[in-house]
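Enquirer: Below is a structure I'd like to ask you about.
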Amino acid sequence: MALVEVRNLVKQYTAGGPNAVDDVSFEIQAGEIFSLLGPNGAGKTTTISMISTLLRPTSGAITVNGCDVLGDPMGVRRSIGVVPQDLALYDELSARENLRFWGEMRGLHGDGLKQEIDEKLRLMDLTNRAADRVKTFSGGMKRRLNLAVGLLGNPPLVMLDEPTVAIDPQSRRYILDWVKDMNTKGLTVLYTTHYMEEAQELSHRIGIIDQGKLIAIGALEELTRLVGEHETLILTLYQESGGTQLAEAVAGLEGILQASAHDGEVVLNVASAETALPTALGQASLLGLSVRTIEIREPNLETVFLHLTGRALRD
Amino acid sequence: MRRLFAMIRNEFLREFAYPLSLIFFILLPVLFTAAVGTGLSGMMNPDESDPEEFRTRLYVLQADSDPLVDAFLETLETVNLVTEVVETLPEDTFGLEIPTDFSERLLAGSAVTVTLHTLPNSTASQAVEQYVRAAQGRVGGAALIAKLGVEQARATGAVNTEAEEADFFNHVLEKTLEDARNPAAVAEVRWPEGVDAPQVERDMATSNEQASAGQLVTWVQITLLGAAEVLVNEKQGGTLKRMLVCPTARGAILTGKLLARLALGLFQMALLLAGGALIFGVQWGKDPVAVAVISLAFALATVGLGMFIATIVRTPGQANSVVVGLSMGMAALGGAWYPLEITPAFYQQVVKILPSSWAMRAYTDLLARGATLVDVLPHAGILLGFAVLFTTLGILRFRSYGR
């Protein structure tokens with residue numbers, strides 16, 4: 001049996017309004033890292049909020065570890081650890097005081113709690129800052145403590161909601177390595193992100209979500225197969241504002257299946273880079289645009305997203 | 001239960017994370033109590049030996065001066081009045097006319113009529129009349145003693161001339177009045193064992209009592225309504241969401257937050273009650289249980305209101321404005337900054353919609369009127385009614401909080 005089962009999940013914030021999550025279904029097996037990948041506002045946080053019992057679904061069903069989110073919300077909460085996108089810590093308290101409070105809120109106490117606090121501090125390399133107030137911590141240290149709180153009680157499933165937003169590359173690397181390491185020790189992870197590279201690096205399976213709908217799901221190889229034997233051609237222009245113009249000009253030309261532009265970069269989904277490149281360069285020249293770099297990529301999640309939605313993941 | 005204790009401990013740790021918070025928690029309330037107490041003392045403490053500027057001024061019109069009239073004026077000064085001899089009595093002031101035959105009639109043992117001009121709408125009129133009567137009685141009694149002394153001295157040949165008689169009279173008069181002011185012995189009244197001495201009832205609390213109770217209500221209100229700020233900050237900071245995904249029921253989280261803030265408010269109340277007693281000499285009535293019941297009921301009503309506000313406001317800035325505005329407004333209107341007794345009857349009725357006014361009524365009854373638990377139970381009942389109303393509204397709104 002899957003650890004998480006989501007069936008036909010719908011969330012409508014206002015009656016008659018748009019669906020923030022629209023008929024989403026997926027499963028997460030125990031021991032898996034499952035990523036929900038999608039742009040900002042796609043419905044990732046809303047989905048995770050319903051799984052964690054914070055939001056009530058408008059319709060559909062969710063079970064976690066055999067517990068229904070509506071019928072047995074306490075059972076669900078006992079089975080999950082949540083690492084929210086924003087830091088949810090008490091700045092004026094020390095790291096140890098924070099862990100103690102959140103541990104007690106999860107029902108831990110006594111020696112068990114003390115041991116677990118020590119273990120989490122060690123795990124996050126925060127032992128020698130345990131007594132310091134969180135407000136004196138760097139952004140990366142706060143993120144690590146935020147993760148540690150989500151692990152208290154050793155729940156079978158941990159949900160991480162965009163944990164690497166707005167942090168330095170070193171802390172980001174630490175978090176990604178940590179997720180992989182914890183997964184090898186048996187932890188099941190539900191990870192949301194809008195960074196394709198993170199989903200690609202971490203996940204056993206990926207669900208691509210856009211405008212509330214789950215538009216594709218599977219392992220990386222399965223998803224890239226959706227694009228077919230295509231290639232991605234990326235042209236970087238000297239004139240940032242010319243990207244959209246070029247994308248519109250080349251769209252539909254022979255051998256160019258899809259085109260989108262973002263920050264002076266034109267991303268083309270092409271049948272063959274060899275034949276599409278002269279066409280694209282010719283159009284750029286006609287428009288008076290100068291190409292700075294040319295990159296040819298194998299299909300990846302960016303290509304998949306472009307293929308499925310007609311837009312770049314970052315749009 | 002452990003989770004509730006964790007939430008209470010967390011609230012205390014965060015409140016006192018920085019020593020600066022002690023300034024607002026205890027130091028400022030004590031300083032304000034001292035300041036307000038001093039400010040009110042002129043208006044509310046007729047029986048205390050206050051500085052001259054706080055005592056009632058009495059203008060005196062006297063036909064002539066002699067030792068008895070002088071003694072009368074001196075005695076008026078000793079009973080909490082400031083006298084000023086004038087040739088014409090000013091209007092709209094307290095004035096006293098002393099007749100020309102004042103001394104003559106006093107020495108003859110006849111009734112003397114002095115004319116007192118009072119202010120019809122002043123609460124001090126009755127007190128001034130009492131002071132004048134008291135001074136008149138003291139001087140009259142002393143004059144009779146001196147007169148009898150002179151007769152005895154004359155009979156025994158101790159005085160022979162009129163000048164010696166006058167000296168002797170003045171000496172005895174002065175000595176008698178002085179002794180009356182500083183009696184060598186006083187009688188102590190003891191009540192049989194098991195019988196409570198009746199407490200002297202007053203219309204109003206003294207300045208220190210009013211200030212202590214009023215500042216307690218004001219500052220504890222800020223702490224307890226601060227529940228709104230705490231909850232909104234937790235919502236904004238994401239810690240409330242994190243709490244809501246812990247294996248703890250929503251009701252328990254709200255109860256925990258309520259109890260945590262309530263415990264903080266009660267702790268501050270206990271400090272201010274003790275501070276009022278130790279620093280300002282306030283005796284919090286004769287029934288400590290009644291004081292505890294009123295304090296708890298007021299705290300419950302206020303923390304419930306704080307929780308309700310938390311479910312209405314959206315940002316910490318809004319919460320702060322509402323908390324400060326409501327705390328100050330309810331304290332000022334509810335009689336925490338001045339006695340409700342000096343306000344018009346209509347006003348006193350209108351402010352009954354405020355929990356603070358019920359707390360102040362109850363504290364004043366306990367402090368000044370010797371009220372017991374039974375007497376203040378209606379006040380406590382109304383405060384608990386406020387608590388139930390606000391908390392119910394808060395719970396109803398909290399159930400859908402964030403959903």
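The values are calculated or read from the model by the stated rules, or taken from the named source; none is laboratory data. None of these values were measured; they are calculated from a predicted model. Glycine also receives a Cβ, built like all others from the backbone with ideal geometry; neighbour counts cover every protein chain displayed.
Enquirer: Hand me the list of helices (runs of 4 or more DSSP H) wholly inside the stretch A:220-315 holding 2 or more residues that are among the polar types (S, T, N, Q), under 30 Å from A:Arg205 (Cβ atoms) and touching a residue at least 60 places away in the same chain (Cβ under 8 Å).
Expert: A:301-309
Enquirer: Please verify whether the stretch B:234-242 includes one or more residues that are in contact with a strand residue (DSSP E or B) (Cβ under 9 Å, 6 or more places away or on another chain) and buried (at least 22 other Cβ atoms within 10 Å of the Cβ). Let's see the steps before the verdict.
Expert: Residues of the stretch B:234-242 that are in contact with a strand residue (DSSP E or B) (Cβ under 9 Å, 6 or more places away or on another chain), as a first pass: B:241-242.
From what is left, the residues that are buried (at least 22 other Cβ atoms within 10 Å of the Cβ) are B:242.
Yes, that holds for at least one residue.
Enquirer: Residues to consider are A:Gly71, A:Gly150, A:Gly75; find the one that is facing chain B (nearest Cβ under 9 Å), over 25 Å from B:Ile8 (Cβ atoms) and modelled with pLDDT of 90 or more. Quick ask: steps written out before the conclusion?
Expert: Working: A:Gly71 fails: facing chain B (nearest Cβ under 9 Å); A:Gly150 fails: over 25 Å from B:Ile8 (Cβ atoms).
Within the list A:Gly71, A:Gly150, A:Gly75, the selection yields A:Gly75.
Enquirer: Which ones in the stretch B:209-240 are small (Gly, Ala, Ser), in a helix (DSSP H, G or I) and either in contact (Cβ under 8 Å) with a residue 60 or more places away in the chain or touching an Asp or Glu at 6+ places or on another chain (Cβ under 7 Å) (or both)?
Expert: Within the stretch B:209-240, B:Ala211, B:Ser212, B:Ala213, B:Gly214, B:Ala227, B:Ala228 meet the criteria.
Enquirer: Inside the stretch A:62-162, counting only helices (runs of 4 or more DSSP H) that do not spill past its ends, which hold 1 or more residues that are surrounded by fewer than 17 Cβ atoms within 10 Å (Cβ to Cβ) and of a type in the set (Gly, Ala, Ser)?
Expert: A:110-123, A:139-151
Enquirer: Another one. Would you call B:Ile312 among the aliphatic types (A, V, I, L, M), touching a residue at least 12 places away in the same chain (Cβ under 8 Å), surrounded by fewer than 18 Cβ atoms within 10 Å (Cβ to Cβ) and outside any helix (DSSP H, G or I)?
Expert: yes
Enquirer: Let me ask something else. Check A:Asn8, A:Asn98, A:Asn40, A:Asn65 and return the single one that is touching a Phe, Trp or Tyr at 6+ places or on another chain (Cβ under 6 Å) and either more than 20 Å from A:Ala216 (Cα to Cα) or not acidic (Asp, Glu) (or both).
Expert: Among A:Asn8, A:Asn98, A:Asn40, A:Asn65, only A:Asn98 is touching a Phe, Trp or Tyr at 6+ places or on another chain (Cβ under 6 Å) and either more than 20 Å from A:Ala216 (Cα to Cα) or not acidic (Asp, Glu) (or both).
The rows are residues; the columns are (1) crowded, with 18+ Cβ neighbours inside 10 Å; (2) of a type in the set (Asp, Glu); (3) touching a residue at least 40 places away in the same chain (Cβ under 8 Å); (4) within 25 Å of B:Val374 (Cβ to Cβ).
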| site | (1), (2), (3), (4) |
| --- | --- |
| B:Thr248 | yes, no, yes, no |
| B:Gly251 | no, no, yes, no |
| B:Ala270 | no, no, no, yes |
| B:Ala292 | no, no, no, yes |
| B:Gln318 | no, no, yes, no |
| B:Gly329 | no, no, no, no |
| B:Leu333 | yes, no, no, no |
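Enquirer: If a residue has to be away from every other protein chain (no Cβ under 12 Å) and among the β-branched types (Val, Ile, Thr) to count, how many in the stretch A:82-136 make the cut?
Expert: Count: 3.
Enquirer: With (1) under 26 Å from B:Lys235 (Cα atoms); (2) within 13 Å of chain B (Cβ to nearest Cβ) as the list, and A:Pro39 as the residue in question, which single condition is left unmet?
Expert: So A:Pro39 meets the others, but not (2).
Enquirer: Which of the residues that make up the stretch A:44-61 are buried (at least 24 other Cβ atoms within 10 Å of the Cβ) and away from chain B (no Cβ under 11 Å)?
Expert: Those that are buried (at least 24 other Cβ atoms within 10 Å of the Cβ) and away from chain B (no Cβ under 11 Å): A:Lys44, A:Thr47.
Enquirer: How many residues are within 15 Å of A:Ala30 (Cα to Cα) and buried (at least 21 other Cβ atoms within 10 Å of the Cβ) if we restrict to the stretch A:180-201?
Expert: The qualifying residues number 4.
Enquirer: If only one of B:Tyr338, B:Tyr347 is touching a residue at least 12 places away in the same chain (Cβ under 8 Å) and of a type in the set (Phe, Trp, Tyr), which one is it? Walk me through it before giving the result.
Expert: Numbers: B:Tyr347 fails: touching a residue at least 12 places away in the same chain (Cβ under 8 Å).
Result of the check over B:Tyr338, B:Tyr347: B:Tyr338.
Enquirer: Grab the helices (runs of 4 or more DSSP H) fully contained in the stretch B:345-403, keeping just those with 1 or more residues being more than 26 Å from B:Asn208 (Cα to Cα) and either in the same structural domain as B:Ser212 (by TED's automatic domain parsing) or not small (Gly, Ala, Ser) (or both).
Expert: B:345-350, B:373-399
Enquirer: Working only within the stretch A:109-135, note down all residues that are closer than 21 Å to B:Arg3 by Cβ and without any contact (Cβ under 8 Å) to a residue 12 or more places away in the chain.
Expert: The answer is A:His109, A:Gly110, A:Asp111, A:Gly112, A:Lys114, A:Gln115.
Here's the yes/no breakdown for (1) within 14 Å of another protein chain (Cβ to nearest Cβ); (2) touching a Phe, Trp or Tyr at 6+ places or on another chain (Cβ under 8 Å):
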{"position": "B:Arg250", "(1), (2)": "yes, yes"}
{"position": "B:Leu258", "(1), (2)": "no, no"}
{"position": "B:Leu272", "(1), (2)": "no, yes"}
{"position": "B:Ser295", "(1), (2)": "no, no"}
